[in-house]
Structure formats: structure tokens, C-alpha cells
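The values are calculated or read from the model by the stated rules, or taken from the named source; none is laboratory data. Being a predicted model, the structure only gives us computed values, none of them experimental. Cβ atoms come from the backbone with ideal geometry, glycine included; neighbour counts cover every protein chain shown. Ligands, DNA and RNA are stripped out before the accessible areas are found, and what is left, the full protein with its side chains, is counted by its heavy atoms. Shrake-Rupley method; radii C 1.70, N 1.55, O 1.52, S 1.80 Å.
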Amino acid sequence: MMLELISRNILHRPIRTFITVVAVAVEVIMVLVVVGLTHGLVTDSAKRVEGIGADVMVQPPSASVFMAFSGAPMPIKLAGKLQELKHVRYVAPVLLQFSSSGRLDIVYGIDPQSFALVSGGFVFHEGHDLQNPDDILVDDWYAKARNLHAGNSMSILEHDFHVAGVVEHGKGARLFVQLKTLQELSGAQDKASVFFIKCDHPDDATAVTDEIQQMLPRYVVRSLKDYMSLMTSSNLPGLQIFINVMISLAVCIGFMVIFLSMYTTILERTREIGVLKSLGASKAYIVRVVLGETTLLCTVGAAVGAVASFVITHVLVHAFPTLVILIQPEWVFRAILIAIVGGLMGAAYPAWLASRRDPIESLAYE
Amino acid sequence: MEPILETDNLWKIYHIGKVDSPALRGVSLQIMPGEFVAIMGPSGCGKSTLLHVLGGLAQATRGSVLLDGNDLSNMQDAERTQIRRCKVGFVFQRFNLLPTLDVRGNIRLAQHIYGNEFDPHRFEMTTNVLGLSHRLHHRPSELSGGEQQRVAIARAIINEPKILLADEPTGNLDTANSDAVLALLRQLHRDLGQTIMMITHNPEAAAYAGRVIHMRDGLIVDGIPA
């Protein structure tokens, strides 16, 4: 009977119900897409670094786990010293540079030979490897997003490049240029941002890490396994705060919409509340009716929001191929819970107000 | 036999700003089980206030109200709500049906609030007596005034209350529907032994009752004896 009463109330005002459901859905979409975007960004970045195939990474002192945030203060001659260490098979120096021309991209400056030895080489969809100083390789996702093909020209870092080839994604960055070219463009001659090391065997990674750490005590030396475990949004400076702020905003929207919706409902149904009281409905019963209605509205809104989030993600990824949005199942449940709890908080005061209405005044309400 | 409802020196004073406005000025009456009592009086004489206090919707300022042995005047709101739920059925002039529910839902709602599981036998008997069996799936907006008031009566008696309190039950009805509703109340009183207290300002309606009490200025002026 309670469910019938609640559902009939909801169906009785379809416009109000629609707007409330949409608002809750937007709240859930905000949470899921923002968290999905940040998680996707971090996971995609980590997977691409993992895809290089190195066993150990060496970064400058105090370097961030997010490599693009680090500069290039390591002398490239360190590569030679690292190469001499026991169990080290190959060393690939890489210089990283942000490009913000038009969009935010990370460019890898690589020595094609050493990078191919560590990573096993690129898989080419089109064209050939870096041969000339102005050559650039783009991965297939980037090429699809920018409609680029081997032989095209593109400008980046205020420099015109010739697209030498389109390679399979997943080898660190989406853009690769010659190490020397990037060193010149970024004024970092003979410098590298990171050394990727391939060991004789993956099991040697710990021993190699320890040895390098002894040799270069202030440098950041990580096995790829450690690196992957550190690549979470909570380790990216400010990202967790950004997520929390966005979630708080979403909760505020849900809270206010439900508050207004239920408050106006209570005013509109003053007489009905009087009828319920005349029938002997307790305060708890009336609170249950209001909160039950809220729970149903929020549940439907949250379900719509969850489904819409996947649809929006699909559309966004289709429109922007380099965008990675990862919606995790645990966050779907969290977002639904956030929407319902936020909604119940918003409905708490109207419910309390309704339960305290004077039955005689309510019955006389026009 | 003990009265089902008894008041002694019942006062109800409304505080409007700094002014005290007494609506009841020491009402004493007794209603015996199975009685059909009409309360008459001019507008503003305190009839509706008396009904609200007797039904536990409002608290008395002074005096006592004994309903089936329970003194409502000493009770908190939650206790009066429970008494109202279990022992009182209300019928209002404006029907006060929930517009979102159909006839069946409106009647079942009273059972649900009472805490009873749906009793199909009681439901069928009540809707048959009130001639509602063929209108169960209609919304209030699809019913005539007389039908709506019959639904309100069905809702009021579905839990077998000790007393049915009717506030101008024919005030919004035409003559034919008024007669039908009053005949139904009399039938409930005669056939089911339902105790009824009805407020009206219509002498023809009051004539259906077994006893008529007259009120004026918050006091009972005649018809006190049970």
C-alpha cells in the first residue's frame, strides 16, 4: 500500500517527477564521468608506460610518478653507466615535453634504436620509423582523432613535422620525435627525463633497482610493478581534491533539487497530509511517505544517470578517440548511493515539516 | 452501560495574538454506544472545534474527554494519534479523499495506517453496504459528490471504529445525494450498531439522528441527557 501511495504521488505530477529524475541523473552523470575521466586518464597513462615493456625506470631526484610533470635534469651520459650494470640489457633515454598547441599532448623524444630495443619496436600501421630530424610518429588513436596519415605535415612545439608513420598505440606517448630534435626544441641538450631499462629477466628488476639506487641515491628508481601501483588519481597532485569538489557540487545539486521538489510537494499536499493525520497516520508514517517518495525518485534518477553515463561515455570516446573514460562498477554503486543519500538529506527537512503539520490547519488548507 | 464518549467541563481556547478566543466554554456531554447524535448550532458556535477535540485532532485546553475509557485531554499528540487511528472514523464536508488513489486505494489506505493486513471480507462487506462495488477502480475526480462521500464513509468505518465523527457530511451535496448519505448513516447505525456523532446546521439532516444537541457560543444549550 505504501508503495502504491508513493508511486501514485510520483505519477500524479509527471513534470515535477521528470525534472527531479533528470536532476538526479545529472548528478550521477557528473560523478561517474568526472571520476571516469580522471581514472581513465591515469590508467591510460600507466598502461601506455607499461606497454613500453621496460622493467625499471630511473627519474631525476624528487620526480613525480607522473613523468610529464618532471623536467629533464638528468645528463644523458648516465645511460652509459646504467648500461654497464649487471643484469641490465638495454637502456632507452627519453625526453618528455608537454605540448599545448591546440590541445594538451605529451611528446616523447626517443633514440629510435634504444627505444626499439627496450620496447620491442613499434607496430606500424602506416609509414616508417623516425629517420630525419623533422620526422614524427603518431599513434593510431591520435591519427584517427586528427585524421593524420603518413606523409602529412603537422605543427607541434612551434615546429613543423613530417608524419613519418602511424604506429600502434600503447608505447608511452602518442607522439614520438627524435631525441636530439626535442632536446633542441626544449633547450635541454644532452638531457633526459627518464631512462627505461630492460633487464636480462623481469625477475632481475629488484636487484637492478637496488643497485641503481646505491649508485644514484637521490634519484627516483622504480620497478614497473611499483610504478603501476603508484599510478592512481590520489597520487596526482590536486586531482583527488578536484574529484572531491566535483562530487560535492553534484551532491549539492541533488540536495537542492530534492529539497525544493519535496518542499513544494509538501506545500501542495498540505491537505492530503491533514487527511493522513485524521486517519491516524503517525509522524513516522508521514516521514516514511516523504522519504519513500524521495528514495524512489532518486533510485530511478540514479539508474537513468548510470545508464546515461555509459551512453555519454560511448559518444565522447567515439567523438574524441584519444579520450579514455573508465567507469568502474564500484563507482556506479557509489554514485547511486551518493545520489540517494544526498536526496534523503534534501528531503529530511520537508519530511520533518510535513510530520509536524497541524491536522486541523492542514485540513482547512485551500 | 458506560458511555463511549464523555466530556466534562471541556474548554478549548485559541490564542490569536494576545487575545484569547474561547471556542468551547465548558462542554459536558455523554454519548452512549450505538447512539446516533446530531449536534446543531449556528456558524462559529464551536461545533467543529468540539468534533476536533473529541476526535483527538486538537487538544483540550481544560476539562476531560474520555473516549472508550481513554482520557484524551492528558495525552500527547502521538497517543492521541494512536487513539484516533484505532477508535475514531472521520467524515468531512469536503470528502477529503486522496486524489491520486482510486476508491479501493482510498479505503485500503485506512486499513494500512491502522496496521491491518488487507481484510477482503471486511472490505467487500463495507463496499457492498455503501454501494461502491462497481466503482472501486475509479479516481475521486471520476465520482459524483454523493459517491465521494460514500467512499469517505467506507474509509471511516473500514477499521470498525468505536465512533464515527461526521462534520457536515451533506454540506457539499445536493438534496438527493444528501438524503442518500444520511440514509446510509442511519443504516450503519441501525444495522451495524455504529455510534455516530454528526455535526450539521440542517434540521432535516439532524432529524435522521436519535438525539439532537444544540450548541451556542461554545456551550451546549439543550439535549444533554444521553
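Considering the stretch B:1-47, the residues that are modelled with pLDDT under 90 and among the polar types (S, T, N, Q) include one that is farthest from residue B:167 (Cα to Cα), namely B:21.
Among residues of the stretch A:104-130 that are modelled with pLDDT of 90 or more, those with a Cβ under 7 angstrom from a residue that is assigned to a helix (DSSP H, G or I) and among the acidic types (Asp, Glu), sequence gap 6+ or separate chain, pair up as A:125/A:140. Residue count for the stretch A:278-288 under the criterion of being open to solvent by less than 10 Å² (accessible area, probe 1.4 Å) and more than 7 Å from chain B (Cβ to nearest Cβ): the result is 1. Kindly indicate whether any position in the stretch A:334-355 is closer than 30 Å to residue B:157 by Cβ and either modelled with pLDDT under 90 or touching a Lys or Arg at 6+ places or on another chain (Cβ under 7 Å) (or both). Yes, the conditions are met somewhere in the stretch A:334-355. Per the listing A:261, A:309, the residue uniquely away from every other protein chain (no Cβ under 14 Å) and within 22 Å of the chain's Cα centre (by Cα) is A:309. Listed conditions (1) over 30 Å from residue B:40 (Cα atoms); (2) part of a helix (DSSP H, G or I) are all met by residue B:191, apart from (1).
Selection of the stretch A:298-311 for residues being hydroxyl-bearing (Ser, Thr, Tyr) and buried (at least 17 other Cβ atoms within 10 Å of the Cβ) yields only A:309. Residue A:217 meets the conditions (1) modelled with pLDDT under 90; (2) over 30 Å from residue A:321 (Cβ atoms); (3) in contact with a strand residue (DSSP E or B) (Cβ under 7 Å, 6 or more places away or on another chain) in every case but one. The failed one is (3). For the stretch A:288-301, the criterion of being out of contact with any Pro (no Cβ under 9 Å at 6 or more places or on another chain), among the β-branched types (Val, Ile, Thr) and under 30 Å from residue B:160 (Cβ atoms) is satisfied by at least one residue.
Residues that are over 24 Å from the mean Cα position of the chain (by Cα) and part of a helix (DSSP H, G or I) were ranked within the stretch A:13-61; the one that is surrounded by the fewest Cβ atoms within 10 Å (Cβ to Cβ) is A:15. Is it the case that some residue within the stretch A:125-136 is part of a loop (DSSP other than H, G, I, E, B), crowded, with 20+ Cβ neighbours inside 10 Å and among the aliphatic types (A, V, I, L, M)? Yes, the conditions are met somewhere in the stretch A:125-136. Listed residues B:216, B:211; which is more than 17 Å from the chain's Cα centre (by Cα) and of a type in the set (Lys, Arg)? After applying the criteria, what remains is B:216.
Looking at this structure, is residue B:41 on the phi > 0 side of the Ramachandran plot, touching a residue at least 60 places away in the same chain (Cβ under 8 Å) and surrounded by fewer than 21 Cβ atoms within 10 Å (Cβ to Cβ)?
On the way: on the phi > 0 side of the Ramachandran plot: yes; touching a residue at least 60 places away in the same chain (Cβ under 8 Å): yes; surrounded by fewer than 21 Cβ atoms within 10 Å (Cβ to Cβ): no.
So residue B:41 fails the test.
Residue A:175 meets all of the listed conditions (1) open to solvent by less than 20 Å² (accessible area, probe 1.4 Å); (2) in contact with a Pro (Cβ under 9 Å, 6 or more places away or on another chain) but one, namely (2).
Taking the stated definitions as given, is residue A:149 part of a loop (DSSP other than H, G, I, E, B), in contact (Cβ under 8 Å) with a residue 12 or more places away in the chain, in contact with a Lys or Arg (Cβ under 8 Å, 6 or more places away or on another chain) and open to solvent by 50 Å² or more (accessible area, probe 1.4 Å)? No; evaluated as a whole, the condition is false for this residue. Of the helices (runs of 4 or more DSSP H) lying entirely inside the stretch B:36-155, those containing at least 1 residues that are more than 14 Å from chain A (Cβ to nearest Cβ) span B:120-129. Given the condition in contact with a Gly (Cβ under 7 Å, 6 or more places away or on another chain), touching a residue at least 40 places away in the same chain (Cβ under 8 Å) and more than 14 Å from residue A:108 (Cα to Cα), answer yes or no: does some residue in the stretch A:165-177 qualify? Looking for residues that are in contact with a Gly (Cβ under 7 Å, 6 or more places away or on another chain), touching a residue at least 40 places away in the same chain (Cβ under 8 Å) and more than 14 Å from residue A:108 (Cα to Cα), one finds at least one in the stretch A:165-177, hence yes. In contact with a Gly (Cβ under 8 Å, 6 or more places away or on another chain), open to solvent by 50 Å² or more (accessible area, probe 1.4 Å) and touching a residue at least 40 places away in the same chain (Cβ under 8 Å) - does that describe any residue in the stretch A:312-327? Yes.
Taking (1) touching a Lys or Arg at 6+ places or on another chain (Cβ under 8 Å); (2) without any contact (Cβ under 8 Å) to a residue 40 or more places away in the chain; (3) open to solvent by 50 Å² or more (accessible area, probe 1.4 Å) in turn, residue A:264 satisfies each apart from (2). Could you list, in sequence order, all residues of the stretch A:181-218 that are touching a residue at least 60 places away in the same chain (Cβ under 8 Å) and under 19 Å from residue A:105 (Cα atoms)? Of everything in the stretch A:181-218, those that are touching a residue at least 60 places away in the same chain (Cβ under 8 Å) and under 19 Å from residue A:105 (Cα atoms) turn out to be A:181, A:182, A:183, A:185, A:186, A:188, A:192, A:193, A:194.
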